[in-house]
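Notes follow the structure.
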Amino acid sequence: MSTFLLEIGTEELPADFARLALPQLEALVHRDLAERRLSHGPVTVTSTPRRLALFVADLATTAADLEEDRKGPPAAQALKEGVPTPAAIGFAKRCGIEASALEVRDTPKGPFVFARVREPGVPAAELLAACIPQWIAGLQGRRFMRWAEGESRFSRPVRWLVALLDGAVIPVTLAGSDPEVSSGRLSRGHRLHGAKAGAGSGGIPEVSIATASAYAETLAAAGVEVDRQRRATTIRAAVDTAAAALQARPDLPQELFDELTDLVEAPLLIEGSVPEAYLALPAEVLSTVMRAHQRYIPLYRQQAEVDPLALDARSSLLPTFLCIANSLPAATATVRRGNERVLKARLADAEFFVAADRAVASIDRRDQLARVTFAEGLGSLLNRVERLEWCTDGLVEQLGLGEHDAAHARRAAHLCKHDLVSQMVGEFPELQGVMGGKYLLAEGEPRPVALAVLEHYLPRGAGDSLPTSKAGAVVALAERPELLLSIYARGERPSGSSDPYALRRAGNGLLQILWHQGWRLDLVTLLQRACAHWAELLPAFQVDPTALAADLGEFLRQRLVSLLEEEGLPVDLVQAVAGEGVALTRVLADPADARQRAKLLVALRANGQLAAVQAVVTRAARLAAKGDLAADLLSPLGVVSPALFEKSSEAAMLTVLQELEPIASGKGTERYQALADGLAQGAAALAAFFDGDQSVLVMVDDPAVRRNRLNLLGLLRNQAAVLAEFERING
């Protein structure tokens, strides 16, 4: 068994390329080694900013021999009086054997000739030499490039290649590369480590890799931590230690952490200082400048509660940042000074932007929105704000919001987009809403209005926080249908991975806000009113209000189903309350209702009540479909005549339905648990209708008795449907 090493050396790779390329490389290797019958142990992929590396442990020195039987022509065509025909001779030649070695075997289609083929295994080095260029060419990523005069394409120019099987070089040349890249055992160390001695291309020290198993150790001696996971662990530990010493909380989101891991070959943590004067800026401004522009790690005071509307950072942010450098420890002081100088310049720009924004009243910025186009055919951003205000008014009315919350929501809707034309948001779009709220508070707007403006973008994505204030939640709600209605009116729909306006995220956010606030909103009524209004607002699109409402309703149903499944609810239970085929008026008249019923079904399955109820209701629904009692109505009990009963099980079923009728026809959400309990308690009586001494035949010859029994089953189906479409549940 051998160890195989492949290192693809490049110029500095984009930070996100490794995360995309490594899983691809691992999959290609597994696939090709399996196809070539080359047994192996663990496959490990790793990277630094200037290399992708692959290890295969316990690799067989030779591929396994191939032995297989190949089916040829029918025996009648292959042999004439036992003598091979040209058909048999040609088949044998293709299989690499003599015609006399062919065997006749019986098959379901008659006798055929077969050839037993043995293909000897190819040495691993030969197979790998053929695979390596294919693996490199097979990697996909964004913005691939050509370099010099060659035709090779890669994320960045490939400069060297190490391919070792134990200590032997596997000869490979990358076709189309210019200058030509051939494999060897020479890698590159850290740019600054030992650069004076043995420097190779560009003054970077060359490192000779003696054997594949010595790779990591050899590069470590040259200042490179090649193991990506180990670098990540080192960075995390260094940041946590430094933050703990300062009694601080590092602002290190996963995206930045991954980027830092892929930007350095030998991580070195450096502490820098932020001039105290700049703490007069909002904390979000400083933090965003540090993270987005400089890839620094801001430090928040450990015990401080960050006020989202605070106008300065003094109470929340430390005048210290952490930097993960790719330099040598001896240069720490120089690197610190350089980073502090760059940060100071960036913060001076931010200070200028904030001052320039503060010199313009927010209400005047709102007027400037008229000069910015929202989308073709949909007018300006100011037009969008006006549509959003209309939605806010409708929501305030439907939700029955209190006087103060309603007034704050309307004022926030009026001003919510003013910061989109501010200089600060122009530089940092991720601060939209945040800066708008802070500017409004500084101008004397009520805090609930400023907070609502800040919160109306929430949630920005999966796992993001949700609006905490009622006014903020209403404006956040209003923005979602405004976007959906406007883009759908243009005739655009999300498809596959294409969703340029983030409509799916908007639909998800709408439902999540409702659930978080505990609001029960009739989306059917909202969509009907809004679609009629949009048809008047946008006559150029010739909107059909009914069709638009149906399209948006189906879209929101899909979003609801997706969210419930993401919460971990079983697919069949979600389908039973909100799946395709369930009336939209049942699903969207109150999305919180559908979620509540799905969770109740989960609880019923967990305590064992669901199976017995489901079996009876599903059987009843299947037979009731043969009757004429409407499936979408809670029909009165009078459709059943006790005078036509012939068995006690019929009377027992009617008794159960009489007990369930006031529950099923009620209005409160507490009825669902009561209905589930009633169905579970009556399961035995309901089951007796179908099985046992008193069971009945539903489809009897007497039409009156048959219709009576079908109505009895229809009543059960309709009452149970108040909870769920039981026939959609598995089991």
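The values are calculated or read from the model by the stated rules, or taken from the named source; none is laboratory data. Quantities reported herein were computed from a predicted structural model and do not represent experimental measurements. For neighbour counting, all protein chains shown are included, and Cβ atoms are generated from backbone atoms with ideal geometry for every residue, glycine included.
Please indicate, with yes or no, whether at least one residue in segment 575-586 is of a type in the set (K, R) and either part of a loop (DSSP other than H, G, I, E, B) or at pLDDT below 95 (or both). Within segment 575-586, one or more residues are of a type in the set (K, R) and either part of a loop (DSSP other than H, G, I, E, B) or at pLDDT below 95 (or both). Somewhere in segment 662-669, is a residue in contact (Cβ under 8 Å) with a residue 12 or more places away in the chain and crowded, with 20+ Cβ neighbours inside 10 Å? Within segment 662-669, one or more residues are in contact (Cβ under 8 Å) with a residue 12 or more places away in the chain and crowded, with 20+ Cβ neighbours inside 10 Å. Evaluation of L548 against the conditions (1) under 25 Å from the mean Cα position of the chain (by Cα); (2) modelled with pLDDT of 95 or more; (3) over 22 Å from A407 (Cβ atoms) shows that the sole unmet condition is (1).
Selection over segment 132-156 of residues that are of a type in the set (V, I, T) and free of Cβ contacts under 8 Å to residues at least 40 places away in the same chain gives a count of 0.
Looking at segment 362-447, the helices (runs of 4 or more DSSP H) lying wholly inside it that each contain 1 or more residues that are without any contact (Cβ under 8 Å) to a residue 40 or more places away in the chain sit at 362-368, 381-399, 403-415, 423-427. Of the strands (runs of 3 or more DSSP E) lying entirely inside segment 148-258, those containing at least 1 residues that are among the aromatic types (F, W, Y) and surrounded by 15 or more Cβ atoms within 10 Å (Cβ to Cβ) are 158-165. As a summary of the residue check, L441 satisfies the conditions (1) in contact with a Ser or Thr (Cβ under 7 Å, 6 or more places away or on another chain); (2) modelled with pLDDT of 95 or more except for the one numbered (1). In segment 529-546, the residues that are β-branched (V, I, T) reach residues that are in a helix (DSSP H, G or I) and surrounded by 14 or more Cβ atoms within 10 Å (Cβ to Cβ) with C-beta atoms within less than 8 angstrom, at least six apart or across chains, in these pairs: V543/A489; V543/C531; V543/W534; V543/A535; T546/C531.
Of all residues in segment 56-64, none satisfies being among the small types (G, A, S), assigned to a loop (DSSP other than H, G, I, E, B) and either exposed (fewer than 13 other Cβ atoms within 10 Å of the Cβ) or at pLDDT 90 or above (or both). Checking the structure you have, find out if any residue of segment 108-115 is charged (D, E, K, R) and not in a helix (DSSP H, G or I). Yes, the conditions are met somewhere in segment 108-115. Here V617 meets each of (1) under 12 Å from V722 (Cβ atoms); (2) free of Cβ contacts under 8 Å to residues at least 60 places away in the same chain with one exception, condition (2). In this structure, is R480 crowded, with 20+ Cβ neighbours inside 10 Å and within 28 Å of the chain's Cα centre (by Cα)? Yes, satisfied. Of all residues being assigned to a helix (DSSP H, G or I) and touching a Gly at 6+ places or on another chain (Cβ under 7 Å) in segment 323-342, which is surrounded by the most Cβ atoms within 10 Å (Cβ to Cβ)? Just the residue, please. If we take residues in segment 323-342 being assigned to a helix (DSSP H, G or I) and touching a Gly at 6+ places or on another chain (Cβ under 7 Å), then N339 is surrounded by the most Cβ atoms within 10 Å (Cβ to Cβ). Among residues of segment 586-606 that are over 15 Å from E565 (Cα atoms), those with a Cβ under 8 angstrom from a residue that is at pLDDT below 90 and outside any helix (DSSP H, G or I), sequence gap 6+ or separate chain, pair up as D593/T669.
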